[in-house]
Amino acid sequence: MELVCPAGNLASLKAAVDNGADAVYIGFKNETNARHFAGLNFDDRQITQGLAYARDRATRVYVAINTYPQPGNFATWERAVDQAAEYGVDALILADIGVMDYAAEKWPELRLHLSVQGSATSHEAVRFYSERFDIKRAVIPRVLSVQQVAALVDNSPVPIEVFGFGSLCVMVEGRCYLSSYVTGQGPNTFGACSPASFVRWSEVDSQLETRLNGVLIDRVDKDENAGYPTICKGRFKVNRETGYAIEEPTSLNTLPILPELLKIGVAAIKVEGRQRSPAYVAKVTRVLRAAINACLDDPENFVPDQSWLSQLTSLSEGVQTTLGAYQREWQ
Amino acid sequence: MTTSTGLRLSLGPIQYHWPKEKMLDFYRVIEATPVDIVYLGETVCSKRRSFRHRDWIEVAERLQAAGKEVVLSTLALLEANSELGYVRRLCENGTFTVEANDMSAVQLLAGKTHFVGGASLNIYNPRTLRKLVSLGLTRWVMPVELSQGVFAGFQEEMPAGIESELFAWGRLPLAYSARCYTARAHKLPKDACEFCCIDYPDGLMLSTREDERFLVFNGIQTQSAKTHSLARELRDPVPGMDILRISPQPENTERVIALFDQIRAGALSVDDASQELEPFAAAGFCDGYWHSDAGMRSSSDAAGL
């Protein structure tokens, strides 16, 4: 079971490599990837250095080109594919059918993975990309229970990668327009959810309000922790009750079900968080590496170490974690 | 005003959970409306069982007899193998065209029969569209978050004979999830949901803490609270706009169809239609996506028209 870790910059890449990632995934400094944030991602020099650093330490490098080009800007995605191919990266993580079609035609030897943004949740959907573009792996949205992941792995023509830790998209990735509905920019069209330029924090009557393009996402007392105003983690009114109607601020953590994921044949565990700091990446990678090693050594008797759990929880949104959709009760 | 020749109106699949009788009554009314195309099927939650397969087929046959083109729509989010089984059954129905709403359905249809690509397929650029056309797609519905400018860009590279459809009236489908938010609001897990969404024939309203009507829960689907309206486009359809889709609502869908039809025929001024449509959009109008803006925005104060 491969451990795939996020790297938003060179320092994070080194942190992931040094702490035991089998592979790191990165993106270019533009809208071709789903973490299109200011100050993040790799330019020419950084990618060359990063690749050399990872190569020397037998760590694979994947490049995420996982947003959706539109008429008139397709060439930007073509350039990203060509660039990554010319660098000789180990795989591209793609979402768009057109981009995949281009990559498969132009670089037939290049290894392609289907991004989570491709929204494939059944083996027939995975088969589509496998038959047409010869993808070698699919990353699946965070919507399936463990039993459903097992069924998908059994029937899938290619190995399956799942999310193991990090911020939790509660909507099917690649098909969530909440951010673009409010701001005009979303993951598919811009490569970012709830872009920072639309976020406003303001103090009103001793409370802190967070707004996204004017829409009130949450209001907290000054001693409370105000989370980033992602729409799905806000507090709203439904049937006259106010609360986290969609989901609480929380992070996904699969340590408790690691042996199950191993047993059902999941090929890789992905850590979310290219927008996180190198220190975060180092800590999470170290814990996940130790946990996966322990699980591989003795899956029958694997119990997550209390210190791993507390470390991950302290790094989590809202200082709490969940198994998310893997656990049916969550749904 | 224009008497647009060839612009057709479609009725999308019912998004909400309605009792069987309401659905039967609804489609009896639709038979007599001037809508040209009707999309049928459960696209949101496979647990909803007001209609069984044979009910859909019976309604499909009646609508076809009434002169409508009928298309069967597949589930947007598949999770269980049983759901895949039902999508396969639709794809192999042998009579009616199918609207594929996820890539599983595309895979089951590709190379076998022609199909419609639904709005949730993520067709964001002409190369993607051409690839799907090569596999049998003959009509596509543009993703709702894309703009008029993007639509025009597509038309420049549109393969011959491919029809373009736009989501033109209704609450926007914004997201799908493993979690059922209607059940969550009732503090129930999805596996024991008690089919509580049947009590919300128009969805469950979510408001901000300052009482702005913001989103609507419809089971595992999240919609906009505002009604997305492209009614103004009927005045002067942009090149390539073949079909405008109206999304069903529990009341007055036939009135919306009639008003769209009257504008299309030049029988009613847009201003007059605007006034009449306003009561059918409870939380107001939006058309921001079409104008390259935030989807929730409205290009005009005049009820989106």
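The values are calculated or read from the model by the stated rules, or taken from the named source; none is laboratory data. Bear in mind the structure is a predicted one, so any value in this text is a computation, not a measurement. Counting neighbours? That spans all protein chains shown, and the Cβs are built from the backbone with ideal geometry, glycine included.
Laid out as a table, the results:
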quantity	calculated
Unique residue being out of contact with any Cys (no Cβ under 6 Å at 6 or more places or on another chain), surrounded by 21 or more Cβ atoms within 10 Å (Cβ to Cβ) and without any contact (Cβ under 8 Å) to a residue 40 or more places away in the chain when the list is B:Phe260, B:Phe217, B:Phe285	B:Phe217
Set B:Phe280, B:Phe260: member being more than 22 Å from B:Leu7 (Cα to Cα), of a type in the set (Phe, Trp, Tyr) and modelled with pLDDT of 95 or more	B:Phe280
Residue list for the stretch B:97-130, restricted to those being under 17 Å from B:Gly161 (Cβ atoms) and either among the aromatic types (Phe, Trp, Tyr) or at pLDDT below 95 (or both)	B:Phe115
A:Thr285 being assigned by TED's automatic domain parsing to the domain that holds A:Val146, under 20 Å from A:Gly227 (Cβ atoms) and among the hydroxyl-bearing types (Ser, Thr, Tyr)	no
Options B:Val144, B:Val133, B:Val150; residue that is out of contact with any Cys (no Cβ under 9 Å at 6 or more places or on another chain), facing chain A (nearest Cβ under 9 Å), farther than 28 Å from A:Arg142 by Cα and at pLDDT 95 or above	B:Val150
Residue in the stretch A:206-220 that is of a type in the set (Lys, Arg), assigned by TED's automatic domain parsing to the domain that holds A:Val61 and either free of Cβ contacts under 8 Å to residues at least 60 places away in the same chain or touching a Leu at 6+ places or on another chain (Cβ under 7 Å) (or both) present	no
Options A:Ala11, A:Ala58, A:Ala38, A:Ala52; residue that is in the same structural domain as A:Gly265 (by TED's automatic domain parsing) and either among the aromatic types (Phe, Trp, Tyr) or within 18 Å of the chain's Cα centre (by Cα) (or both)	A:Ala38
Selection within the stretch A:218-251 - more than 8 Å from chain B (Cβ to nearest Cβ), among the hydrophobic types (A, V, I, L, M, F, W, C) and part of a strand (DSSP E or B)	A:Val220
Which numbered condition B:Thr138 misses (of (1) under 17 Å from the mean Cα position of the chain (by Cα); (2) assigned to a strand (DSSP E or B))	(1)
Boolean, A:Glu241 is surrounded by fewer than 21 Cβ atoms within 10 Å (Cβ to Cβ) and under 16 Å from A:Gly324 (Cβ atoms)	no
Condition broken by A:Glu224, with the remaining ones in (1) surrounded by fewer than 18 Cβ atoms within 10 Å (Cβ to Cβ); (2) of a type in the set (D, E, K, R); (3) touching a residue at least 40 places away in the same chain (Cβ under 8 Å) satisfied	(3)
Residue check for B:Ile162: of a type in the set (A, V, I, L, M, F, W, C) and surrounded by fewer than 24 Cβ atoms within 10 Å (Cβ to Cβ)	yes
Qualifying residues in the stretch B:170-206 (those that are of a type in the set (D, E, K, R) and in a loop (DSSP other than H, G, I, E, B)) - the one surrounded by the fewest Cβ atoms within 10 Å (Cβ to Cβ)	B:Lys187
A:Val172 farther than 22 Å from B:Cys286 by Cα and not polar (S, T, N, Q)	yes
Qualifying residue in the stretch A:74-81 (condition: over 19 Å from the mean Cα position of the chain (by Cα), more than 9 Å from chain B (Cβ to nearest Cβ), surrounded by fewer than 24 Cβ atoms within 10 Å (Cβ to Cβ) and touching a residue at least 40 places away in the same chain (Cβ under 8 Å))	yes
Test: residue in the stretch B:231-245 that is away from chain A (no Cβ under 14 Å), in contact with a His (Cβ under 6 Å, 6 or more places away or on another chain) and in a helix (DSSP H, G or I)	no
Unique residue being in a strand (DSSP E or B) and more than 14 Å from chain A (Cβ to nearest Cβ) when the list is B:Val59, B:Val70, B:Val29	B:Val70
Tabulated pairs, the stretch A:30-54, first part of a helix (DSSP H, G or I), second crowded, with 23+ Cβ neighbours inside 10 Å, C-beta under 6 angstrom, 6+ apart or interchain	A:Gly50/A:Leu13; A:Leu51/A:Val61; A:Ala54/A:Val17; A:Ala54/A:Val61
Output for the stretch A:150-167, where each listed residue is among the hydrophobic types (A, V, I, L, M, F, W, C) and more than 10 Å from chain B (Cβ to nearest Cβ)	A:Ala150, A:Val153, A:Val158, A:Ile160, A:Val162, A:Phe163, A:Phe165
B:Glu165 vs. criteria of a type in the set (Asp, Glu), facing chain A (nearest Cβ under 9 Å) and touching a residue at least 24 places away in the same chain (Cβ under 8 Å)	no
Odd one out for A:Val99, checked against (1) surrounded by fewer than 18 Cβ atoms within 10 Å (Cβ to Cβ); (2) over 30 Å from A:Trp330 (Cβ atoms); (3) of a type outside the set (S, T, N, Q)	(1)
Single residue of A:Val199, A:Val172, A:Val149, A:Val182 found to be farther than 25 Å from B:Val44 by Cβ and either at pLDDT below 95 or touching a strand residue (DSSP E or B) at 6+ places or on another chain (Cβ under 7 Å) (or both)	A:Val199
Residues that are of a type in the set (Lys, Arg), assigned to a helix (DSSP H, G or I) and touching a helix residue (DSSP H, G or I) at 6+ places or on another chain (Cβ under 6 Å), drawn from the stretch A:95-142	A:Arg127
Residue match in the stretch A:168-184 (condition: within 17 Å of the chain's Cα centre (by Cα), of a type in the set (D, E, K, R) and either under 27 Å from A:Ala38 (Cα atoms) or within 12 Å of another protein chain (Cβ to nearest Cβ) (or both))	yes
Unique match (being facing another protein chain (nearest Cβ under 10 Å), out of contact with any strand residue (DSSP E or B) (no Cβ under 9 Å at 6 or more places or on another chain) and either crowded, with 18+ Cβ neighbours inside 10 Å or without any contact (Cβ under 8 Å) to a residue 60 or more places away in the chain (or both)) among A:Arg142, A:Arg132	A:Arg132
Residue among A:Ala192, A:Ala120, A:Ala125 that is closer than 30 Å to A:Tyr228 by Cα and free of Cβ contacts under 8 Å to residues at least 24 places away in the same chain	A:Ala120
